[in-house]
Amino acid sequence: MAQTQPKIYVLHENIEWTQHLVTWLEQKSIPYELWDLSKGILDLTSTPPEGIFYNRISASAHTRHHRFAPEFAQQVIKWLEANHRIILNGSNAIDLEISKVKQYLALQQSGIQTPKTIAVLGKEKLVAAAQQLAIFPLITKHNRAGKGAGVHRFDSLPELERYVNSADFEEPVDGITLLQQYIKPIDGRIRRSEFIGRKFLYTVSIDSSQGFELCPADECQLPNVSKSKFEIIAPLATEQRQAYEAFLERNQLDVAAVEWVEDAQHRKYVYDINTNTNYNEQAEDKAQVFAHEHLALYLKHLLEGQYAATVK
C-alpha cells in the first residue's frame, strides 16, 4: 500500500450525523477521510494507513437499515488495534455503545448510580420480570437502542401486559428488552453532559415532557419541537464531573455523552452512555459553544502530536 499523508479517519454509518464534523474539519483545514462501515471489505493481511481513527458507529444503525454495521465495525476496530493505530472510542467503547446492560454494569463498577433494571430475553418473560422488579411506573427500553427505540412508560402491570400481547410491541434487534425503574425528573428535564478527550465540555438540559425521543441531532427533531427543548446550562458540580471523567477514563471512552436525571430527592441516576454523541445546533448557537469545533481541534491536536514531522 502506498504511503499517504497521515489524516483523520472517521468511521461511521450515517453521513447526516457526520456532516457537522466534516464542516469543521474542512474549516480548520484538517486532513480527513470518511470510512462508511454500513458495508465494506476488510483484508486482514493489509496494513491500515497512518493517522488518527475516530469511531462514530451508532447503536441505532439498524433503524437506518444498517443492521450489521456495528458488528462489522467491531472487526475493523480490532484490526486497527492489532496494527497499533490510535483509535478514539475503540473496542470497549463500541461494546458499551451496543449494550445498555454492559453500560449499567460498568457504571455500577465505578460507583455511579443507575436505575434498577432487569434484562429480559423473550417477550413472554416480560410480565413475570415486571412482577420481580415490583416497581411502577417503569419503562421498557431496548438493550441495543438509540433515538428512543422501544422506550415506553407503564404505570401498572395490566398496562404492560396489554402492550406485550399487542401488535404494537417493538421487538428489540438483539432480542433483549430492559425493564427499568422510571425516574421522574425533578423539573421535567433530563441532562446530557458532553465530554471530548475524556474531559467535560458542557451539559445540555432537555425537556422530556413530549416523550422519550431525546436525540439532540438536528436530523432527529420533529417539526413542532420548541427551540427551548435543548438548553446548555451551568457546568457540572466538581464531584459529579470528576466521577464521570473517571468513568470515561476507566472504560476508554474518548468522546461521549453521559445522560442523567435528578429526582425530587436530588438523587442523580445515569441511564445512558452515548459514544456516537450528537449536538444540538440551536442550543449551541444560543450559548456560542460548538462541540464539533472542539472535537475537530482535539483531533487535530492528536494528529499533530503523533505525526508532527509530516502534518503541517
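The values are calculated or read from the model by the stated rules, or taken from the named source; none is laboratory data. Quick caveat, the model's predicted, so the values are computed rather than measured. Neighbour counts run over all protein chains shown; Cβ positions are idealised from the backbone, glycine included. Quick note on the areas: whole protein, heavy atoms, side chains included, nothing else; ligands and nucleic acids left out. Shrake-Rupley method; radii C 1.70, N 1.55, O 1.52, S 1.80 Å.
Assorted remarks:
- Apolar share of the accessible surface for the chain: 51 percent from carbon plus sulfur atoms, 1.4 Å probe.
- FRET efficiency, 1/(1 + (r/R0)^6) with R0 45 Å, evaluated for ILE15 and PHE136 via beta carbons: 0.60
- DSSP beta bridges in the chain [antiparallel fraction, %, rounded to 5]: 75
- Förster radius 35 Å - calculated FRET efficiency between GLN5 and ASP168, Cβ distance, rounded to 0.05: 0.10
- Hz values of 3J(HN,Hα) by residue in the range 6-13 - Karplus curve (6.51, -1.76, 1.60), Gly and Pro given as x: x, 8, 8, 10, 9, 8, 8, 9
- Residue-wise HN-Hα couplings along the range 54-63, as the Karplus relation 6.51 cos²θ - 1.76 cosθ + 1.60 with θ = phi - 60° gives them from phi, are 10, 8, 10, 6, 10, 5, 8, 3, 5, 6 Hz; Gly and Pro carry x.
- The fraction of Cα-Cα pairs per 10 angstrom bin, counted from 0 for the range 225-312, comes to 13, 35, 36, 13, 3, 0 percent, rounded to whole percents.
- Quick note on the range 42-113: its Rg to Rh ratio, both from C-alpha atoms and Rh being the Kirkwood radius, is 1.03.
- Label-point gap, in nm, between LEU44 and GLN252 - each point 7 angstrom along Cα→Cβ: 1.9
- Solvent exposure of the chain as accessible area per residue, Å², 1.4 Å probe: 47
- Distant-in-sequence amide contacts of GLY150, defined by a placed amide H-H separation under 5 Å and a gap of 5 or more residues or a different chain, comprise nothing.
- Where labels lie 7 Å past Cα in the beta-carbon direction, separation of LYS102 and ILE233 in nm: 3.1
- The GNM of the chain, with springs linking C-alpha atoms under 10 angstrom apart, assigns the highest mean-square fluctuation among ALA59, ALA243, ALA167 to ALA167.
- In this structure the amide hydrogen of ILE232, modeled in the peptide plane, comes within under 5 Å of the amide hydrogens of SER205, none closer than 5 places in sequence on its chain.
- Between the range 109-176 and the range 247-312, the Cα center-to-center distance that results, in Å: 29
- Positive-end ranking of ILE86, GLY111, ILE135 along the dipole of the range 74-141, with charges on Cβ about the Cα centre, is headed by ILE135.
- Mean projected area of the convex hull spanned by the Cα atoms of the range 48-202, taken over all viewing directions: 11.3 nm².
- Gain on full stretching of the segment that runs from HIS301 to ARG64 - 0.36 nm per residue minus C-alpha separation: 82.1 nm
- Every Cα-Cα pair of the range 9-138 was included, and the share exceeding 18 Å stands at 65 percent.
- The alpha-carbon positions of the chain define a convex hull whose volume is 141 Å³ per residue.
- Highest-fluctuation residue, ASN278, ASN14, ASN83 considered, GNM on the chain with Cα pairs under 10 Å: ASN83
- Cα-projected label distance for VAL22 with HIS84, points at 7 Å along beta-carbon direction, nm: 3.3
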